[in-house]
1. Farther than 30 Å from residue 240 by Cα and in contact with a Leu (Cβ under 7 Å, 6 or more places away or on another chain) - does that describe any residue in segment 176-199?
2. Give 83, 87, 4 a once-over and let me know the one that is at pLDDT below 90, over 29 Å from the mean Cα position of the chain (by Cα) and either closer than 22 Å to residue 171 by Cβ or of a type in the set (Val, Ile, Thr) (or both).
3. Filter segment 195-218 down to residues that are at positive phi and part of a helix (DSSP H, G or I), then give me how many there are.
4. Looking only at segment 230-248, which residues are surrounded by fewer than 22 Cβ atoms within 10 Å (Cβ to Cβ) and either in a loop (DSSP other than H, G, I, E, B) or touching a Cys at 6+ places or on another chain (Cβ under 7 Å) (or both)?
5. All but one of (1) crowded, with 17+ Cβ neighbours inside 10 Å; (2) at pLDDT below 95 hold for residue 40; which doesn't?
6. Please give the number of the condition residue 159 fails out of (1) at pLDDT 95 or above; (2) within 16 Å of the chain's Cα centre (by Cα); (3) closer than 28 Å to residue 12 by Cβ.
7. Is it the case that residue 107 is assigned to a helix (DSSP H, G or I), modelled with pLDDT of 95 or more and either under 29 Å from residue 265 (Cβ atoms) or among the basic types (Lys, Arg) (or both)?
8. For a quick check of your reading of the model, give me the residue pairs whose first member lies in segment 323-336 and is in a helix (DSSP H, G or I), whose second is surrounded by fewer than 18 Cβ atoms within 10 Å (Cβ to Cβ) and polar (S, T, N, Q), with beta-carbon atoms closer than 7 Å and at least 6 apart or on different chains.
Amino acid sequence: MKKTGNILVFIFSIYVCLMSYYLYTHQYYNADLEAYMGLIYKTEHSDLKIEDIHKKVYTELKNINPKLSEISKAEEIAIGGNTYYYTLSKNPKAYEEELQLFSVKPFYNFVNLMFYKLGFNVLTSISLTSIFSYVFIITLIFGFLIRILKNYPLAFIITVIISLFKPLLEASRYASADSLACLMLLLSFYTFIIKKNHLAATVFAMLCVLTRPEYFILYSLLYILIYFYKNTLQIKTAQVFLSYGYIFLSFFLIQYFNQISWSVLFMNQFTKVQIYPISNPDPFYFPDYVNFIKKTMMLDFNGSYFPLLLLFIVIILANKFSLNSKKSWAQCLFFGAVYAAVFVRYLVFPSLANRMMIGFYLIIVLSLIYIQNSKTDIFKNSLEAGK
(Lines give C-alpha, C1' and ligand atoms only; values in the text may rest on other atoms or scores of the structure.)
Protein backbone atom coordinates (compact mmCIF):
# COMPACT_ATOMS: atom_id res chain seq x y z
CA MET A 1 0.00 0.00 0.00
CA LYS A 2 2.85 2.38 0.85
CA LYS A 3 4.52 1.74 -2.51
CA THR A 4 1.22 2.29 -4.32
CA GLY A 5 0.69 5.47 -2.34
CA ASN A 6 4.11 6.84 -3.30
CA ILE A 7 3.48 6.10 -6.97
CA LEU A 8 0.09 7.81 -6.90
CA VAL A 9 1.54 10.83 -5.08
CA PHE A 10 4.16 11.10 -7.84
CA ILE A 11 1.49 10.79 -10.55
CA PHE A 12 -0.62 13.37 -8.74
CA SER A 13 2.36 15.77 -8.70
CA ILE A 14 2.73 15.39 -12.47
CA TYR A 15 -1.01 15.90 -12.91
CA VAL A 16 -0.92 19.10 -10.82
CA CYS A 17 1.92 20.46 -12.95
CA LEU A 18 0.04 19.71 -16.17
CA MET A 19 -3.15 21.33 -14.87
CA SER A 20 -1.19 24.38 -13.73
CA TYR A 21 0.31 24.75 -17.20
CA TYR A 22 -3.11 24.37 -18.79
CA LEU A 23 -4.61 27.05 -16.55
CA TYR A 24 -1.68 29.39 -17.15
CA THR A 25 -2.03 29.08 -20.92
CA HIS A 26 -5.84 29.36 -20.87
CA GLN A 27 -6.44 32.39 -18.70
CA TYR A 28 -9.72 34.16 -19.40
CA TYR A 29 -10.09 37.92 -19.62
CA ASN A 30 -12.92 39.23 -17.46
CA ALA A 31 -14.03 42.77 -16.76
CA ASP A 32 -12.63 42.81 -13.20
CA LEU A 33 -9.06 42.48 -14.41
CA GLU A 34 -8.55 46.19 -15.04
CA ALA A 35 -9.56 47.01 -11.47
CA TYR A 36 -7.15 44.52 -9.87
CA MET A 37 -4.36 45.75 -12.15
CA GLY A 38 -5.08 49.33 -11.14
CA LEU A 39 -4.98 48.48 -7.43
CA ILE A 40 -1.55 46.88 -7.82
CA TYR A 41 -0.16 49.89 -9.66
CA LYS A 42 -1.82 52.30 -7.25
CA THR A 43 -0.28 50.54 -4.23
CA GLU A 44 3.17 49.86 -5.65
CA HIS A 45 3.56 53.12 -7.57
CA SER A 46 1.94 55.67 -5.29
CA ASP A 47 3.69 58.48 -7.15
CA LEU A 48 1.71 57.79 -10.33
CA LYS A 49 -1.36 59.88 -11.02
CA ILE A 50 -4.63 58.11 -11.73
CA GLU A 51 -4.40 59.28 -15.36
CA ASP A 52 -1.04 57.50 -15.71
CA ILE A 53 -2.32 54.34 -14.05
CA HIS A 54 -5.40 54.38 -16.26
CA LYS A 55 -3.33 54.75 -19.42
CA LYS A 56 -0.89 52.04 -18.36
CA VAL A 57 -3.65 49.53 -17.50
CA TYR A 58 -5.67 49.97 -20.68
CA THR A 59 -2.60 49.99 -22.90
CA GLU A 60 -1.66 46.58 -21.52
CA LEU A 61 -5.21 45.29 -21.74
CA LYS A 62 -5.52 46.14 -25.41
CA ASN A 63 -2.75 43.62 -26.10
CA ILE A 64 -4.89 40.78 -24.72
CA ASN A 65 -8.35 42.15 -25.52
CA PRO A 66 -8.31 44.41 -28.62
CA LYS A 67 -12.12 44.63 -28.60
CA LEU A 68 -12.00 46.67 -25.40
CA SER A 69 -11.76 49.95 -27.28
CA GLU A 70 -14.59 48.93 -29.62
CA ILE A 71 -17.31 48.72 -26.97
CA SER A 72 -20.23 50.98 -27.79
CA LYS A 73 -23.83 51.59 -26.84
CA ALA A 74 -24.97 49.63 -29.88
CA GLU A 75 -23.57 46.46 -28.35
CA GLU A 76 -25.28 46.75 -24.99
CA ILE A 77 -27.25 43.81 -23.66
CA ALA A 78 -27.91 44.90 -20.07
CA ILE A 79 -29.03 48.43 -19.29
CA GLY A 80 -25.92 50.57 -19.17
CA GLY A 81 -23.58 47.57 -19.00
CA ASN A 82 -21.20 48.02 -21.92
CA THR A 83 -21.50 51.79 -21.83
CA TYR A 84 -20.28 51.68 -18.24
CA TYR A 85 -17.13 49.72 -19.12
CA TYR A 86 -16.58 51.88 -22.17
CA THR A 87 -16.75 54.92 -19.90
CA LEU A 88 -14.15 53.36 -17.60
CA SER A 89 -11.78 52.85 -20.53
CA LYS A 90 -12.05 56.51 -21.50
CA ASN A 91 -12.50 58.36 -18.20
CA PRO A 92 -9.69 58.11 -15.57
CA LYS A 93 -11.89 59.65 -12.86
CA ALA A 94 -14.60 57.06 -13.41
CA TYR A 95 -11.92 54.38 -13.33
CA GLU A 96 -10.62 55.72 -10.02
CA GLU A 97 -14.07 55.32 -8.48
CA GLU A 98 -14.32 51.81 -9.90
CA LEU A 99 -11.23 50.80 -7.91
CA GLN A 100 -13.14 51.46 -4.68
CA LEU A 101 -15.50 48.57 -5.47
CA PHE A 102 -12.58 46.11 -5.47
CA SER A 103 -10.59 47.37 -2.51
CA VAL A 104 -12.88 45.38 -0.15
CA LYS A 105 -10.83 42.23 -0.82
CA PRO A 106 -7.57 43.25 0.88
CA PHE A 107 -5.99 39.82 1.26
CA TYR A 108 -6.58 38.94 -2.39
CA ASN A 109 -5.10 42.26 -3.48
CA PHE A 110 -2.18 41.70 -1.10
CA VAL A 111 -1.36 38.28 -2.63
CA ASN A 112 -1.54 39.77 -6.13
CA LEU A 113 0.85 42.49 -5.01
CA MET A 114 3.31 39.96 -3.52
CA PHE A 115 3.57 38.14 -6.86
CA TYR A 116 4.13 41.48 -8.54
CA LYS A 117 6.89 42.34 -6.06
CA LEU A 118 8.56 39.01 -6.89
CA GLY A 119 9.11 40.31 -10.41
CA PHE A 120 6.16 38.97 -12.37
CA ASN A 121 4.25 41.35 -14.62
CA VAL A 122 0.88 42.51 -13.36
CA LEU A 123 -1.21 40.19 -15.55
CA THR A 124 0.84 37.15 -14.60
CA SER A 125 0.70 38.11 -10.91
CA ILE A 126 -3.09 38.08 -10.89
CA SER A 127 -3.19 34.80 -12.82
CA LEU A 128 -0.74 33.13 -10.43
CA THR A 129 -2.94 33.91 -7.44
CA SER A 130 -5.79 31.90 -8.95
CA ILE A 131 -3.55 29.11 -10.26
CA PHE A 132 -1.64 28.59 -7.00
CA SER A 133 -4.94 28.63 -5.09
CA TYR A 134 -6.20 25.89 -7.40
CA VAL A 135 -3.04 23.82 -6.82
CA PHE A 136 -3.28 24.12 -3.04
CA ILE A 137 -7.03 23.37 -3.10
CA ILE A 138 -6.70 20.07 -4.92
CA THR A 139 -3.57 19.15 -2.93
CA LEU A 140 -5.44 19.80 0.31
CA ILE A 141 -8.39 17.75 -0.92
CA PHE A 142 -6.08 14.87 -1.87
CA GLY A 143 -4.47 14.87 1.58
CA PHE A 144 -7.87 15.11 3.26
CA LEU A 145 -9.29 12.19 1.29
CA ILE A 146 -6.24 10.01 1.93
CA ARG A 147 -6.68 10.60 5.65
CA ILE A 148 -10.42 9.91 5.62
CA LEU A 149 -10.70 7.12 3.06
CA LYS A 150 -7.40 5.35 3.86
CA ASN A 151 -7.37 4.42 0.19
CA TYR A 152 -4.87 6.10 -2.14
CA PRO A 153 -6.41 5.00 -5.47
CA LEU A 154 -9.92 6.09 -4.45
CA ALA A 155 -8.62 9.38 -3.01
CA PHE A 156 -6.72 10.01 -6.25
CA ILE A 157 -9.74 9.30 -8.47
CA ILE A 158 -12.08 11.51 -6.42
CA THR A 159 -9.53 14.35 -6.33
CA VAL A 160 -9.08 14.26 -10.11
CA ILE A 161 -12.86 14.34 -10.60
CA ILE A 162 -13.16 17.33 -8.24
CA SER A 163 -10.22 19.07 -9.94
CA LEU A 164 -12.17 18.98 -13.22
CA PHE A 165 -15.28 20.48 -11.61
CA LYS A 166 -16.27 23.28 -13.99
CA PRO A 167 -16.81 26.03 -11.36
CA LEU A 168 -13.37 25.31 -9.87
CA LEU A 169 -11.68 25.50 -13.26
CA GLU A 170 -13.58 28.70 -14.12
CA ALA A 171 -12.53 30.39 -10.90
CA SER A 172 -8.92 29.40 -11.58
CA ARG A 173 -8.97 31.01 -15.03
CA TYR A 174 -10.59 34.28 -13.97
CA ALA A 175 -9.17 37.36 -12.32
CA SER A 176 -11.22 36.86 -9.17
CA ALA A 177 -10.86 36.20 -5.46
CA ASP A 178 -13.00 33.04 -5.61
CA SER A 179 -10.20 30.44 -5.66
CA LEU A 180 -8.20 32.09 -2.89
CA ALA A 181 -11.30 32.50 -0.71
CA CYS A 182 -12.18 28.85 -1.27
CA LEU A 183 -8.66 27.80 -0.24
CA MET A 184 -8.85 29.81 2.99
CA LEU A 185 -12.29 28.36 3.72
CA LEU A 186 -11.09 24.79 3.24
CA LEU A 187 -7.99 25.43 5.34
CA SER A 188 -10.10 26.82 8.18
CA PHE A 189 -12.29 23.70 8.13
CA TYR A 190 -9.32 21.33 7.80
CA THR A 191 -7.37 22.83 10.70
CA PHE A 192 -10.49 22.93 12.88
CA ILE A 193 -11.87 19.45 12.17
CA ILE A 194 -8.80 17.39 11.35
CA LYS A 195 -5.91 19.17 13.10
CA LYS A 196 -8.00 20.41 16.05
CA ASN A 197 -6.02 23.66 15.84
CA HIS A 198 -8.56 26.37 16.69
CA LEU A 199 -6.02 29.20 16.47
CA ALA A 200 -4.99 28.31 12.92
CA ALA A 201 -8.64 27.82 11.96
CA THR A 202 -9.40 31.33 13.21
CA VAL A 203 -6.53 32.84 11.22
CA PHE A 204 -7.62 31.13 8.00
CA ALA A 205 -11.24 32.17 8.63
CA MET A 206 -10.11 35.78 9.02
CA LEU A 207 -8.15 35.58 5.77
CA CYS A 208 -11.19 34.07 4.05
CA VAL A 209 -13.34 37.02 5.13
CA LEU A 210 -10.58 39.44 4.11
CA THR A 211 -10.64 37.79 0.67
CA ARG A 212 -14.40 37.65 0.15
CA PRO A 213 -16.32 39.48 2.93
CA GLU A 214 -19.60 37.64 2.27
CA TYR A 215 -18.17 34.48 3.85
CA PHE A 216 -18.71 36.28 7.15
CA ILE A 217 -22.34 35.17 6.87
CA LEU A 218 -21.36 31.50 6.75
CA TYR A 219 -18.92 31.78 9.63
CA SER A 220 -21.48 33.63 11.76
CA LEU A 221 -24.02 30.84 11.38
CA LEU A 222 -21.40 28.13 11.97
CA TYR A 223 -20.17 29.81 15.14
CA ILE A 224 -23.71 29.73 16.50
CA LEU A 225 -23.66 25.98 15.88
CA ILE A 226 -20.21 25.66 17.46
CA TYR A 227 -21.42 27.53 20.54
CA PHE A 228 -24.26 25.07 21.14
CA TYR A 229 -21.91 22.10 20.67
CA LYS A 230 -18.93 23.62 22.46
CA ASN A 231 -18.93 20.97 25.19
CA THR A 232 -18.81 18.03 22.79
CA LEU A 233 -16.23 19.88 20.71
CA GLN A 234 -14.25 20.53 23.90
CA ILE A 235 -14.04 24.25 23.27
CA LYS A 236 -14.36 26.83 26.01
CA THR A 237 -16.95 29.59 25.72
CA ALA A 238 -14.21 32.21 25.86
CA GLN A 239 -12.46 30.55 22.90
CA VAL A 240 -15.63 30.64 20.84
CA PHE A 241 -16.29 34.32 21.48
CA LEU A 242 -12.64 35.31 21.07
CA SER A 243 -12.31 33.44 17.80
CA TYR A 244 -15.53 34.88 16.41
CA GLY A 245 -14.49 38.31 17.65
CA TYR A 246 -11.40 38.23 15.44
CA ILE A 247 -13.49 37.20 12.43
CA PHE A 248 -16.00 39.95 13.18
CA LEU A 249 -13.13 42.44 13.48
CA SER A 250 -11.89 41.44 10.02
CA PHE A 251 -15.32 42.04 8.54
CA PHE A 252 -15.78 45.30 10.47
CA LEU A 253 -12.45 46.71 9.24
CA ILE A 254 -13.45 46.05 5.63
CA GLN A 255 -16.77 47.80 6.14
CA TYR A 256 -15.15 50.69 8.00
CA PHE A 257 -12.86 51.51 5.08
CA ASN A 258 -15.42 50.64 2.43
CA GLN A 259 -16.44 53.79 0.56
CA ILE A 260 -19.31 52.27 -1.40
CA SER A 261 -22.57 51.55 0.42
CA TRP A 262 -24.50 48.33 -0.15
CA SER A 263 -27.46 50.16 -1.74
CA VAL A 264 -25.20 51.79 -4.33
CA LEU A 265 -23.53 48.46 -5.09
CA PHE A 266 -26.87 46.70 -5.49
CA MET A 267 -28.39 49.30 -7.79
CA ASN A 268 -25.21 49.50 -9.84
CA GLN A 269 -24.85 45.74 -10.23
CA PHE A 270 -28.39 44.46 -10.58
CA THR A 271 -30.91 47.16 -11.43
CA LYS A 272 -29.25 49.66 -13.72
CA VAL A 273 -25.51 49.92 -14.28
CA GLN A 274 -24.72 53.47 -13.31
CA ILE A 275 -22.42 55.66 -15.31
CA TYR A 276 -19.89 57.85 -13.51
CA PRO A 277 -20.00 59.33 -10.98
CA ILE A 278 -20.77 56.63 -8.42
CA SER A 279 -20.30 59.34 -5.80
CA ASN A 280 -23.68 60.72 -6.91
CA PRO A 281 -25.66 57.48 -7.12
CA ASP A 282 -29.17 56.80 -8.28
CA PRO A 283 -31.63 56.52 -5.37
CA PHE A 284 -32.27 53.10 -3.90
CA TYR A 285 -35.85 51.87 -4.27
CA PHE A 286 -36.80 48.94 -2.08
CA PRO A 287 -39.60 47.80 -4.49
CA ASP A 288 -36.98 47.51 -7.26
CA TYR A 289 -34.89 45.35 -4.97
CA VAL A 290 -37.84 43.08 -4.10
CA ASN A 291 -38.88 42.75 -7.74
CA PHE A 292 -35.38 41.77 -8.79
CA ILE A 293 -35.11 39.12 -6.04
CA LYS A 294 -38.54 37.67 -6.91
CA LYS A 295 -37.71 37.59 -10.62
CA THR A 296 -34.34 35.87 -10.36
CA MET A 297 -34.25 33.75 -7.18
CA MET A 298 -35.94 30.59 -8.45
CA LEU A 299 -34.05 30.54 -11.75
CA ASP A 300 -30.70 31.24 -10.09
CA PHE A 301 -31.04 28.49 -7.50
CA ASN A 302 -32.24 25.99 -10.10
CA GLY A 303 -29.31 26.98 -12.31
CA SER A 304 -26.84 26.21 -9.53
CA TYR A 305 -25.67 22.87 -8.10
CA PHE A 306 -27.41 23.42 -4.75
CA PRO A 307 -30.64 21.47 -5.55
CA LEU A 308 -28.61 18.47 -6.75
CA LEU A 309 -26.31 18.57 -3.71
CA LEU A 310 -29.35 18.84 -1.45
CA LEU A 311 -30.64 15.59 -2.93
CA PHE A 312 -27.41 13.79 -1.93
CA ILE A 313 -27.50 15.40 1.53
CA VAL A 314 -31.01 14.07 2.11
CA ILE A 315 -30.12 10.58 0.84
CA ILE A 316 -26.96 10.24 2.96
CA LEU A 317 -28.31 11.80 6.15
CA ALA A 318 -31.69 10.06 5.98
CA ASN A 319 -29.97 6.68 5.81
CA LYS A 320 -28.74 6.96 9.40
CA PHE A 321 -31.01 9.67 10.79
CA SER A 322 -32.53 9.26 14.24
CA LEU A 323 -34.66 11.78 16.11
CA ASN A 324 -32.86 10.87 19.34
CA SER A 325 -29.36 11.16 17.92
CA LYS A 326 -27.37 14.32 18.68
CA LYS A 327 -25.01 13.38 15.87
CA SER A 328 -27.86 13.31 13.34
CA TRP A 329 -29.11 16.71 14.46
CA ALA A 330 -25.61 18.18 14.40
CA GLN A 331 -25.11 17.06 10.82
CA CYS A 332 -28.51 18.41 9.74
CA LEU A 333 -27.87 21.73 11.45
CA PHE A 334 -24.47 22.00 9.80
CA PHE A 335 -25.88 21.64 6.28
CA GLY A 336 -28.80 23.85 7.29
CA ALA A 337 -26.33 26.56 8.26
CA VAL A 338 -24.54 26.25 4.90
CA TYR A 339 -27.78 26.58 2.92
CA ALA A 340 -29.01 29.40 5.15
CA ALA A 341 -25.75 31.26 4.50
CA VAL A 342 -26.22 30.84 0.75
CA PHE A 343 -29.78 32.17 1.00
CA VAL A 344 -28.84 35.20 3.14
CA ARG A 345 -25.90 35.92 0.86
CA TYR A 346 -28.26 35.88 -2.10
CA LEU A 347 -30.50 38.47 -0.44
CA VAL A 348 -27.46 40.72 -0.04
CA PHE A 349 -25.81 39.97 -3.38
CA PRO A 350 -28.29 38.17 -5.66
CA SER A 351 -25.91 36.19 -7.82
CA LEU A 352 -25.17 32.48 -7.71
CA ALA A 353 -22.45 32.43 -10.34
CA ASN A 354 -20.98 28.96 -9.92
CA ARG A 355 -17.37 30.11 -9.68
CA MET A 356 -18.38 32.26 -6.69
CA MET A 357 -20.00 29.26 -5.02
CA ILE A 358 -17.09 26.80 -5.18
CA GLY A 359 -16.35 27.22 -1.46
CA PHE A 360 -19.91 26.22 -0.55
CA TYR A 361 -19.95 23.39 -3.10
CA LEU A 362 -16.69 21.84 -1.92
CA ILE A 363 -17.57 22.13 1.78
CA ILE A 364 -20.81 20.23 1.08
CA VAL A 365 -19.13 17.54 -1.03
CA LEU A 366 -16.21 16.97 1.35
CA SER A 367 -18.50 16.97 4.39
CA LEU A 368 -20.68 14.28 2.80
CA ILE A 369 -17.60 12.18 2.08
CA TYR A 370 -16.45 12.70 5.68
CA ILE A 371 -19.81 11.68 7.13
CA GLN A 372 -20.14 8.68 4.85
CA ASN A 373 -16.63 7.30 5.34
CA SER A 374 -15.05 8.66 8.51
CA LYS A 375 -14.96 6.30 11.47
CA THR A 376 -14.53 9.27 13.78
CA ASP A 377 -17.54 11.55 13.88
CA ILE A 378 -17.06 15.24 13.13
CA PHE A 379 -18.47 16.03 16.58
CA LYS A 380 -16.46 13.26 18.28
CA ASN A 381 -17.56 10.02 19.79
CA SER A 382 -19.26 11.72 22.71
CA LEU A 383 -22.21 12.42 20.45
CA GLU A 384 -22.71 8.71 20.01
CA ALA A 385 -23.85 8.63 23.65
CA GLY A 386 -26.81 10.76 22.66
CA LYS A 387 -28.34 7.95 20.66
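1. First pass over segment 176-199, keeping only residues farther than 30 Å from residue 240 by Cα: 176.
Narrowing further to those that are in contact with a Leu (Cβ under 7 Å, 6 or more places away or on another chain): none.
Taking every residue of segment 176-199 in turn, none turns out to be farther than 30 Å from residue 240 by Cα and in contact with a Leu (Cβ under 7 Å, 6 or more places away or on another chain).
2. Criteria check complete, one pass: 4.
3. First, pick out the residues of segment 195-218 that are at positive phi: 196.
From the residues that got through so far, the ones that are part of a helix (DSSP H, G or I) too are none.
Number satisfying all stated conditions: 0.
4. 230, 231, 232, 234, 235, 236
5. (2)
6. (2)
7. On the way: assigned to a helix (DSSP H, G or I): yes; modelled with pLDDT of 95 or more: yes; either under 29 Å from residue 265 (Cβ atoms) or among the basic types (Lys, Arg) (or both): yes.
For residue 107, the condition - assigned to a helix (DSSP H, G or I), modelled with pLDDT of 95 or more and either under 29 Å from residue 265 (Cβ atoms) or among the basic types (Lys, Arg) (or both) - is met.
8. Listed pairs, sorted by first residue: 328/322.
The values are calculated or read from the model by the stated rules, or taken from the named source; none is laboratory data. Since the model is a prediction, treat every value here as computed from it, not as a measurement. No Cβ is skipped: glycine too gets one built from the backbone with ideal geometry, and neighbour counts run over all protein chains shown.
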